[in-house]
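Down below is the structure, laid out as C-alpha cells.
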Amino acid sequence: MKRKLESTNLAEEPMGLYTATVSTPMVAMMGSQYAHPTDFDLLNLARKGISKKSLTALAKQISLTIEEVANVLHISERTLQRYTPTTLVKTEHADRAIELARLYERGTEVLGSIKAFNVWLKEPNLALNGEIPFNLLDTRIGFEMVLNILGRIEYGVFS
C-alpha cells in the first residue's frame, strides 16, 4: 500500500535561508551598495571592479601599506600608484581585494580588533610550520590556511 504525501506536510522555506550573507562593512565600503552584501553581490562587485580610491581606503582601514596590498593583489605597486582614484581595478585583483577584506573581518571578529589581527598576521605561527600568515596571502590556498587557523583559534584549538 502506497502512501500519498499530503501537501500540508511539506514545509515551505524562503529562498533567503539559502542565500549566504556575509557581515562585511569593509567590503561594503569598497563599492557594494548593500551594508550586508550577499555572495552574489560580492561576485557582481568583483566582476565590475573596485576603484583605486576604495582600495586605498581599505588599505588605510586595515593598516596596510599600498605595497603590502599590491603584493596580495598580484599587481605592481607602481601600476597601482599610476591609477587615478576612479580607475577600476580588474576582476582578478578586485576578487582578491574582496577576499582580503573578508579575511580582515573574520580576523577582527576572532581576535577582537584590527590591531590584534595585524599583530597575529605578521608573526610566525607554529600551526603554519613557522610561516608568517601574511606571507601566505599570495595564494588562494594560503588564504584558506589562514582562515582555517582562525577557525581553530575561535574554537580554542591550539594554533
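None of the figures in this text is laboratory data; all of them are computed from the coordinates on show. Worth saying up front: this structure is predicted, and the values here are computed from it rather than measured. Cβ: placed from backbone, ideal geometry, glycine included. Neighbour counts: every protein chain shown.
Assorted remarks:
- Square roots of 5 times each gyration tensor eigenvalue, C-alpha, the stretch 20-154, largest first, Å: 23, 18, 13
- Summarising the amide proton neighbourhood of Ser51: residues at separation of 5 or more, or on other chains, whose placed amide H is nearer than 5 Å comprise Val89.
- Whole-Hz couplings from phi, Karplus 6.51/-1.76/1.60, listed for the stretch 56-68; x for Gly and Pro: 5, 5, 4, 4, 5, 5, 9, 6, 10, 7, 4, 4, 5
- Given their separation in residues at 0.36 nm each and the Cα-Cα distance between them, Lys115 and Thr79 gain 10.2 nm when the chain is fully extended.
- Out-of-range pairs (alpha-carbon distance over 20 Å; input Lys52/Lys115; Lys53/Lys90; Lys53/Lys115; Lys90/Lys122): Lys52/Lys115; Lys53/Lys115; Lys90/Lys122
- Cα-only radius of gyration and Dmax that characterise the stretch 87-159, units Å: 12.6, 43
- Dipole-positive endmost among Tyr83, Leu43, Ala94 within the stretch 20-154 (Cβ charges, Cα centre): Tyr83
- Volume per residue of the C-alpha convex hull in the stretch 93-134, rounded to whole Å³: 72
- Computed about its Cα centre, the charge dipole of the stretch 20-154 is approximately 480 debye, with only Lys, Arg, Asp and Glu carrying charge at their Cβ.
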